[in-house]
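Here is the structure we will look at, set down as structure tokens.
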Amino acid sequence: MLFKRLSEYWQEIDKTGSRLEMTAILARLFNELIAGEIDLAVNLSLGRLRPKYEGVEFNLAEKMMVRVIASAYNRPVDEVEKLFKKTGDLGVTVTQCYKKTVSQSHPSLRGASSVTEIYNRLLAIAQDSGSGSQERKVQQMADLIKNMDGLSARYLVRIPINNLRLGFSEMTVLDGLSWMAKGDKSLRPDLERAFNVCADIGLIAKEYKNKGIQKIRRIKPQIGVPIRPQKSERLPSADKIVEKLGGIHPLKQGFAVEGKWDGLRVQIHIDKPLVRIFSRNLDNMTAMFPEITAAAAQLPAESVILDGEAVAYDNKTGKLLSFQETAQRKRIHGVAGKAKELPIKVFIYDLLLLNGKTLIAEPFIKRRQELEKIMSVPAGGLELAKQEIVTDTKKLRELREKYIHLGLEGVMCKKLNEPYRAGARNFNWVKFKKVTQGELADTIDAVVMGYYLGKGKRTGFGIGAFLVGVPNEKGAIGSIAKIGTGLSDEQWRELKVRCSKFEVRSKP
């Protein structure tokens, strides 16, 4: 497929706000693509080159892309900069520059490059590093754009800044893949299950296009590809939790109760000697936690996938520290120094794969038994999460208060006989925190500092979350949280209009 043709599909998607119509357009696109390029087109359509966990980034900011456009069309940088300030969109900016200064050399060749050719050139640009790489990237992007038609250039310039703005996510891609073959969403559950255990949407699309749904049904977790984590639900009281999780069943089998830490969710992949650490959002955090990598190498197993929570602690007292302090470990530079200042321990509470055998379909009680075996030997900063079986509300409340007193958020309650539901939020896991019963210790009056552009459904609103802050000791406003829940669709639209009145071009 020509990249120009892919851009025409993107333009169709751009013009519709209907999720059903987007899905139908994607289904047509996927039908037209061949197996050898569908993974490339899927990732490009999501505004990236590789799965998120691989961390392939262009490292080209908007200012650099303004230079790219200026170079591609031989325009003064300040002219393009002024145009960009007016349009607020690099795609619109490049389109207007294209119309003003289209080269007459080889007009028939414009838009003649294939999706694969453009993808490979973009990947080479993104992977360019070392001395002078920024300048090389600018020139290579400019060379790419100046030989493109205007529509292709419009979408291409948005990819390096992660702002393709097509308004759909991986879930819509899965719907489109199902519609491609069946004309409905009947295959979505199978496709989503595969994506949940192997979070590479391009690979899922390629395998499906090449070998069909039977291949998708056989996809299993593999070391190095993150599993989308299982998430928990809430219930308003201890009584409701005991009732829901089976504590009052005549057999009184009960349910497991563990601490609920306020740290960083981590998924640790070990295939000795290699170790990979992924975040809740599937980012690769391996380089940030060298002590976890060293500890993982001590486990008595060759290949393992572990689920747990990383928490910073005071080296002198052993006291667990706050989430804000733990989050300071998420950094690219100064890792060794910060590791000494804020050491990390990881509380391991689940085992998803052991020595090549996937365990996600096994009941939690069996996964826990296997986990206890490999965690019986001390392994540096890895610690087995303590667990108790509970059958009544009195014991549940006692454990909750105990863990809160120790500085934790509360407890996590888990059904014993359920598999690991990758990517799902359900009542197999229920968190019981202080705020669950409306006992929030305090409220905060915060200042709205700005907003994040929406993703998926919220692209249409132009806003997806707020950045809020409070005054600090220096008299400035320091950011404290990203807030994106609790509002209706209409409220998001209204707040976008209100926020737009206060927009500024530069950070205060």
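The values are calculated or read from the model by the stated rules, or taken from the named source; none is laboratory data. These numbers come from a predicted model, not from an experiment. Cβ sites come from the backbone with ideal geometry, for glycine too, and all protein chains shown count toward neighbours.
Residue pairs whose Cβ atoms lie under 7 Å apart, sitting 6 or more positions apart in sequence or on different chains, and linking a residue in the range 121-135 that is within 24 Å of Phe3 (Cβ to Cβ) to a partner that is in a helix (DSSP H, G or I), are Arg121/Leu144; Ile125/Lys137; Ile125/Gln140; Ile125/Met141; Asp128/Arg136; Asp128/Lys137. For the range 39-62, a tally of residues being outside any helix (DSSP H, G or I) and acidic (Asp, Glu) returns 1.
With the structure loaded, tell me whether Glu383 is farther than 24 Å from Ala310 by Cβ and acidic (Asp, Glu) or whether it fails that test. No: the conditions fail for Glu383.
For the range 400-416, does any single residue satisfy the condition of being among the hydrophobic types (A, V, I, L, M, F, W, C) and either over 29 Å from the mean Cα position of the chain (by Cα) or in a helix (DSSP H, G or I) (or both)? Within the range 400-416, one or more residues are among the hydrophobic types (A, V, I, L, M, F, W, C) and either over 29 Å from the mean Cα position of the chain (by Cα) or in a helix (DSSP H, G or I) (or both). Can you find a residue that is more than 24 Å from Asn355 (Cβ to Cβ), assigned to a loop (DSSP other than H, G, I, E, B), at pLDDT 90 or above and hydrophobic (A, V, I, L, M, F, W, C) anywhere in the range 303-313? No, the range 303-313 contains no residue that is more than 24 Å from Asn355 (Cβ to Cβ), assigned to a loop (DSSP other than H, G, I, E, B), at pLDDT 90 or above and hydrophobic (A, V, I, L, M, F, W, C).
I'm trying to understand the selection: among the residues of the range 63-78, which are outside any loop (DSSP other than H, G, I, E, B) and surrounded by 15 or more Cβ atoms within 10 Å (Cβ to Cβ)? Met64, Met65, Val66, Arg67, Val68, Ile69, Ala70, Ser71, Ala72, listed by residue number.
Scanning the range 87-140 for residues that are at pLDDT 90 or above, among the charged types (D, E, K, R), outside any loop (DSSP other than H, G, I, E, B) and touching a helix residue (DSSP H, G or I) at 6+ places or on another chain (Cβ under 9 Å) returns Glu117, Arg121, Arg136, Lys137.
Which of the residues that make up the range 197-219 are exposed (fewer than 14 other Cβ atoms within 10 Å of the Cβ) and part of a loop (DSSP other than H, G, I, E, B)? Within the range 197-219, Gly212, Arg218 meet the criteria. Where residues in the range 330-347 are surrounded by fewer than 22 Cβ atoms within 10 Å (Cβ to Cβ) and of a type in the set (A, V, I, L, M, F, W, C), which of them is modelled with the lowest pLDDT? Across the range 330-347, the extreme among qualifying residues is Ile332. Could you list, in sequence order, the residues of the range 21-51 that are more than 20 Å from Asn120 (Cβ to Cβ) and of a type in the set (Lys, Arg)? Within the range 21-51, Arg28 is the sole residue that qualifies. Checking Lys206, Lys220, Lys185 one by one, the residue that is in contact with a Cys (Cβ under 8 Å, 6 or more places away or on another chain), of a type outside the set (A, V, I, L, M) and either more than 21 Å from Phe278 (Cβ to Cβ) or touching a residue at least 60 places away in the same chain (Cβ under 8 Å) (or both) is Lys220 and no other.
Among all positions in the range 277-297, there is no residue which is under 30 Å from Lys394 (Cβ atoms) and either touching a Pro at 6+ places or on another chain (Cβ under 9 Å) or at pLDDT 95 or above (or both). Among the residues of the range 6-24, those that are free of Cβ contacts under 8 Å to residues at least 40 places away in the same chain and assigned to a helix (DSSP H, G or I) comprise Tyr9, Glu12, Leu20, Glu21. Tell me, yes or no, whether the range 361-373 has at least one residue that is basic (Lys, Arg), without any contact (Cβ under 8 Å) to a residue 24 or more places away in the chain and either in the same structural domain as Ala294 (by TED's automatic domain parsing) or assigned to a strand (DSSP E or B) (or both). Yes; the residues of the range 361-373 include at least one that is basic (Lys, Arg), without any contact (Cβ under 8 Å) to a residue 24 or more places away in the chain and either in the same structural domain as Ala294 (by TED's automatic domain parsing) or assigned to a strand (DSSP E or B) (or both). Based on what the data block shows, is Gly486 at pLDDT 85 or above, outside any strand (DSSP E or B) and closer than 24 Å to Ser232 by Cβ? Taking the combined requirement at face value, the residue does not satisfy it.
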